[in-house]
Amino acid sequence: MLMRISGEVDGRYARVDGTLIPMVSTVWLRGSIYADPFMPPWHDVANPKDREFLVVLLQKRQVVLTDDEPHRDDDGVLCKLTRKSVLGLYAINDPVFAPDRGLSFTLGPRIAHLSAAS
């Protein structure tokens, strides 16, 4: 199945066939396990936009997976991501957020290939 991305919202969501779907990066993926520490400087649960992102992800149980190039500072700390491509729309299983461990889930099957709207 091929679905279209008509745009991004706030760098956090892709609009897929009119529906906002959270975007997540392969940077935090090891095998099929996604584990993002979900802490500053990338995220801050005190920020309403980050809290909303968590709620949407936990409820929708779908994500747009992106392949990003990580950039690190001199200390090896991740400081920037450059988007290389969008890999698809995926189901997720067992999504959990815990303040001491961050956001985690198991990547499920691909629901659809994605393409940019023409």
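Here are a few things to note about the model shown:
- Tallying residues that are over 12 Å from the mean Cα position of the chain (by Cα) and open to solvent by 80 Å² or more (accessible area, probe 1.4 Å) within region 52-68 yields 3.
- Residue selected from region 52-81 under the condition assigned to a loop (DSSP other than H, G, I, E, B) and of a type outside the set (Val, Ile, Thr), by the criterion nearest to residue 6 (Cα to Cα): 61
- Long-range neighbours under 8 Å by Cβ, at least six apart or interchain, first residue at pLDDT below 90 within region 16-27, second of a type in the set (S, T, N, Q): 17/6; 18/6
- Looking across region 1-46, not a single residue is open to solvent by 80 Å² or more (accessible area, probe 1.4 Å), part of a strand (DSSP E or B) and at positive phi.
- Residue in region 27-50 that is touching a helix residue (DSSP H, G or I) at 6+ places or on another chain (Cβ under 9 Å), under 25 Å from residue 2 (Cα atoms) and charged (D, E, K, R) present: no
- If you check 84, 49 for being open to solvent by 60 Å² or more (accessible area, probe 1.4 Å), assigned to a helix (DSSP H, G or I) and not aromatic (Phe, Trp, Tyr), only one passes: 49.
The values are calculated or read from the model by the stated rules, or taken from the named source; none is laboratory data. In this text the structure is predicted, and so the values were computed from the model without any measurement. Don't worry about glycine lacking a Cβ; one is built from the backbone with ideal geometry, like all the others, and counts go over all protein chains shown. When the accessible area is computed, the model is the full protein with side chains, heavy atoms only, and any ligands, DNA or RNA have been set aside. Shrake-Rupley method; radii C 1.70, N 1.55, O 1.52, S 1.80 Å.
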